Amino acid sequence: MKSKGNELKERFLSNKDREQTVSGSQGIAMINHGSEVTISVKTPLGRWFRAETTFIGTNSRDEVFLELPALSQADFDQYFYDGFWLKVKAISERGEGAVVNFKTQISNILFKPVRLLVLDLPSTAELIQLRSEPRYDVSLQGELSLSNRKVLVEFTDLSKLGCGFYHDVTGLQFEDDTQMLIMVQNPNSGEEYHLSGKVKSKQGQRVGTLNRYGLIFDELGNQQVKRLLSKLIFDGSKLSFRKN
């Protein structure tokens with residue numbers, strides 16, 4: 001029987017195996033535009049302030065852009081100045097999925113014409129892998145059957161255990177643990193694949209009218225996705241059905 005100390009040691013080593021240091025540009029590239037990030041600002045006196053905001057992107061001058069959080073003027077006056085250090089934490093849905101952490105400094109703060117928090121591109125970023133199975137970027141559509149209609153969805157990624165997808169139907173929301181089935185049809189053979197499971201990652205990311213979700217497959221979904229993956233080919237950037 002393992003002692004509690006040995007169990008903690010194995011858990012720690014397992015977590016360390018999933019950690020990786022990459023260049024800042026590599027880490028930033030793993031964050032989806034429009035996704036939510038957490039920022040923690042540190043003042044010169046060592047006080048920390050945490051807020052949620054949106055990742056916008058980067059430019060060619062080694063700068064990172066975030067939406068300026070909606071805060072009180074008192075909070076801005078105390079915690080947001082050029083040169084202050086902050087930490088950024090984001091969830092990447094790419095590949096095996098990862099928590100992306102990096103530390104950098106505030107370069108500029110803009111209130112008009114748009115609200116922007118400009119950061120220096122960090123030299124490095126820390127990745128903590130989330131999944132045991134890799135997720136593949138795909139070019140794939142499916143049909144979600146609801147009680148009163150069918151909804152077209154676009155897949156963002158696919159693995160043996162789950163998938164990411166989005167739809168653009170205004171007002172249609174799914175909560176965590178919602179059971180659903182998405183049907184994918186091979187345009188060449190007509191063969192159908194029924195990917196069933198539960199919503200486990202309501203990602204809260206809205207880009208325009210897009211609603212993004214994660215789905216964890218059940219036993220049927222696991223069987224069906226294996227058949228589906230065996231029929232997809234790499235088109236140079238993503239997995240998709242062969243085009244005749």
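The values are calculated or read from the model by the stated rules, or taken from the named source; none is laboratory data. Treat the numbers as computed from the prediction; the structure is a model and nothing was measured. Glycine gets a Cβ as well: all are built from the backbone with ideal geometry, and neighbour counts include every protein chain shown.
Observations
- Conditions (1) part of a loop (DSSP other than H, G, I, E, B); (2) farther than 22 Å from V22 by Cα; number of the one not met by S60: (2)
- Lone qualifier among F80, F49 - being at pLDDT 85 or above, in the same structural domain as P122 (by TED's automatic domain parsing) and in contact with a Leu (Cβ under 8 Å, 6 or more places away or on another chain): F80
- Selection count where residues are crowded, with 17+ Cβ neighbours inside 10 Å and farther than 14 Å from K200 by Cα, scope the range 167-180: 1
- Residues being farther than 21 Å from Q78 by Cα, charged (D, E, K, R) and in contact (Cβ under 8 Å) with a residue 12 or more places away in the chain - total across the range 41-64: 2
- Of all residues assigned to the range 142-152, at least one qualifies as being assigned to a strand (DSSP E or B) and crowded, with 16+ Cβ neighbours inside 10 Å.
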